[in-house]
1. At 0.36 nm per residue, and after removing the present C-alpha to C-alpha distance, how many nm does the segment from residue 83 to residue 59 gain when stretched out fully?
2. First measure r as the distance between the Cβ atoms of residue 38 and residue 73, then evaluate 1/(1 + (r/R0)^6) with R0 = 22 Å and state the FRET efficiency to the nearest 0.05.
Amino acid sequence: MAEIGAIAFAIGWYVRGGRDNDEDALAGSRPDERQQLLSLRSWALAGKVTMLAAFVGVVAAVAARAGWWWPFATILAVTGFGYLLGLSNYGVGEEGPADDANDGHQVRSSVSH
């Protein structure tokens, strides 16, 4: 009888994990919107820091007339390509109407009846 209860409990947690609120997202081990935005911003910062470090490496190597410039140039090229690929995949898409757009309808003021 305990096995049936354990199975029912597991199924309940599984179903609960599919719902769309904070507690159920945690139950389903899914990140909520804030966590996804934080992850997105963290990856963006990591990409910016990588591109900046690669650029500084290339500049330092060229300034020192050293032969070790090519790894930095390769990293800079790969991250630059990744940035352009991200722009093409996730760039500006179809924009919906603005929040204050009235779709051509006259908006009645709540002050005047």
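1. Value of the extension gain: 6.6 nm.
2. 0.10
Readers should treat all values here as calculations from the given coordinates under stated rules, not as data from a laboratory. Everything numeric in this text was worked out from a predicted model, so none of it was measured. Note that we place each Cβ from the backbone using ideal geometry, even for glycine, and neighbour counts take in every protein chain shown.
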